[in-house]
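For reference, the structure is listed below as structure tokens.
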Amino acid sequence: MKVVVSILFLSVVLSGCTTIPAAVDRPLAEPQPEPAQVQRDPDQYRGQVARWGGSIIAVENTRDASVVEVVARPLQSNSRPDEGGMSPGRFVIVTHGFLDPEIFTPGKAITAVGTLDGIQVRKVGEYEYSYPVLRAEGYHLWAPRPERRVHDPYWDHPWGYPYGPSPYWRHPYYYPYYFW
């Protein structure tokens, strides 16, 4: 009985670690096209459902829609953009309604799901870039990740400066107080 309860508890805990937000959780075609593939042949992918994410570059509001310009990033298992991943290109998300540019600020991570709708030519500096268009049916703006603090075994000890180094300063892996 204890084994069954332990397995159930562990499966519930682990399933919560990779949950896709409800706004972007939708069945998708396999394999998912990359923005660069859609950029090369937009008619082949028109109408296909895709989930893309990345870092916001800019938000432009029109009369009845918002256009979010995004640098694409590979998605993790929970659909959060991998901020360290190489970019497969750029794309735009078109949403119905108003998105506040003070909330959807450059650099924030966003994931959207919707149908692919051709390309839109926009300027990046002097260069004309063909952006694949994703007409969003749902999107999720990710909260910023907490900044990781580098552990300094000489100064990060229970007594604090100026009382001297921690007795663990020579063995940082055995240091009992990690502050991440």
request  = Could you please find all residues in region 23-76 being surrounded by 19 or more Cβ atoms within 10 Å (Cβ to Cβ) and in a helix (DSSP H, G or I)?
outcome  = Val24, Pro35, Val38, Gln39, Tyr45
Qualifying residue in region 107-126 (condition: out of contact with any Asp or Glu (no Cβ under 8 Å at 6 or more places or on another chain), under 29 Å from Asp25 (Cα atoms) and either modelled with pLDDT under 90 or part of a loop (DSSP other than H, G, I, E, B) (or both)) = yes
note = Looking across region 90-117 at residues that are among the charged types (D, E, K, R) and surrounded by 13 or more Cβ atoms within 10 Å (Cβ to Cβ), the single one that is farthest from Gly138 (Cα to Cα) is Arg90
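The values are calculated or read from the model by the stated rules, or taken from the named source; none is laboratory data. Note that the structure is predicted; figures quoted are calculated from it, not measured. FYI the Cβ positions are ideal-geometry reconstructions off the backbone, even for glycines, and counts take in every protein chain you see.
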